[in-house]
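Written below as structure tokens is the structure these notes are about.
The values are calculated or read from the model by the stated rules, or taken from the named source; none is laboratory data. These numbers come from a predicted model, not from an experiment. Note that each Cβ is placed from the backbone with ideal geometry, even for glycine, and that neighbours are counted across all protein chains shown. Side chains are part of the model used for accessible areas, which takes the heavy atoms of the whole protein and leaves out ligands, DNA and RNA. Shrake-Rupley method; radii C 1.70, N 1.55, O 1.52, S 1.80 Å.
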Amino acid sequence: MRGMAAEAKTLQNLVQLKLDICCAARILFRAGLSVANAGHISVMIAPDRMLMNRFGPSFGTLEPHDILTLDFRGNIIEDNTPQRNARVNETVELHGVIHRYNPNLVCALHTHPPATVTFSAFRKVPEIYDQESCLLAGDVAVIEEDYEGLASEEARLRSTAEAVGKQRAVILPNHGAITSGPNVQIALFAMLLLEGMIARNLSVAVAARATGFTPTPIKMEHAMAAKMGIAKMNALEPLWADQLRRLKQTDPELFV
């Protein structure tokens, strides 16, 4: 009986994780942070096993049956799509390498947010100009490499995987970003925060040019103090609940 109960709980957890992935994807789509059918969200569920969305559907239409179980080499272990003909693309290699190099990392989220892609051309870590951006203080990195097209070789992906293991948000030059966390929710909000942080950098740069004034970023020590203070508020759960409430209004079919 205990074995059956444990198996049922595991299945229930997987069902919830697949829904969480779909919710996060649709929230990003609604926020304008995805492009066409690019982008993936992976969740490590066991050694050499991860959940990840299949290639094809956009973030705006992702459903639980579109979430595959794969090994870290990108081989499909479980396919619950109606036609059982799911596809993956080169991005699955990136997520597999990320999880292999970071066995304690649970969720990796990759998409192409517009402001982040624009700012990534500068190969620069964004400044901290507002309170929300303080939540990413000391947790943003830029990969020091040129964009050379799609990559599926471990040699090219290793530096990205190592950076993801050290920083919550990693900017990929001329490409997009990867955020990570111990669950889907934290990886999602890190991506939303990163895009907001970079949008603020761009707007401050425009204002500085228009006015001739010199902008003053928040000092790192003050940003870190604010980060710790905000973290004590434990705002993640109500924030996630708020996002789901909005999503149930715009995407009710996901919750049927």
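Could you tell me which numbered condition P182 fails, if it satisfies all but one of (1) surrounded by fewer than 18 Cβ atoms within 10 Å (Cβ to Cβ); (2) over 21 Å from V97 (Cβ atoms)?
It is condition (2) that P182 fails.
Are any residues in the stretch 236-256 over 20 Å from the mean Cα position of the chain (by Cα) and among the basic types (K, R), and if so, which ones?
Selection gives R245, K248.
E237 passes all but one of (1) in contact with a Leu (Cβ under 9 Å, 6 or more places away or on another chain); (2) open to solvent by 50 Å² or more (accessible area, probe 1.4 Å); (3) at pLDDT below 95; which number fails?
Status for E237: all satisfied but (1).
Name the pairs whose Cβ atoms lie under 6 Å apart, with the first residue in the stretch 245-256 and without any contact (Cβ under 8 Å) to a residue 40 or more places away in the chain and open to solvent by 60 Å² or more (accessible area, probe 1.4 Å), the second hydrophobic (A, V, I, L, M, F, W, C) and assigned to a helix (DSSP H, G or I), and 6 or more positions between them or separate chains?
Note: pairs meeting the criteria are K248/F255.
Of these, A187, A210, A223, A177, which one is at pLDDT 95 or above and surrounded by fewer than 18 Cβ atoms within 10 Å (Cβ to Cβ)?
On the way: A187 fails: surrounded by fewer than 18 Cβ atoms within 10 Å (Cβ to Cβ); A223 fails: surrounded by fewer than 18 Cβ atoms within 10 Å (Cβ to Cβ); A177 fails: surrounded by fewer than 18 Cβ atoms within 10 Å (Cβ to Cβ).
A210 is the lone residue from the list that is at pLDDT 95 or above and surrounded by fewer than 18 Cβ atoms within 10 Å (Cβ to Cβ).
For the stretch 90-132, name all the residues that are in contact with a strand residue (DSSP E or B) (Cβ under 9 Å, 6 or more places away or on another chain), among the hydroxyl-bearing types (S, T, Y) and closer than 17 Å to G196 by Cα.
The answer is T111, T116, S120.
Assigned to a helix (DSSP H, G or I), open to solvent by less than 50 Å² (accessible area, probe 1.4 Å), under 21 Å from D20 (Cβ atoms) and touching a residue at least 60 places away in the same chain (Cβ under 8 Å), is that true of L194? Steps first, please.
Values: assigned to a helix (DSSP H, G or I): yes; open to solvent by less than 50 Å² (accessible area, probe 1.4 Å): yes; under 21 Å from D20 (Cβ atoms): yes; touching a residue at least 60 places away in the same chain (Cβ under 8 Å): yes.
So L194 fits the description; yes.
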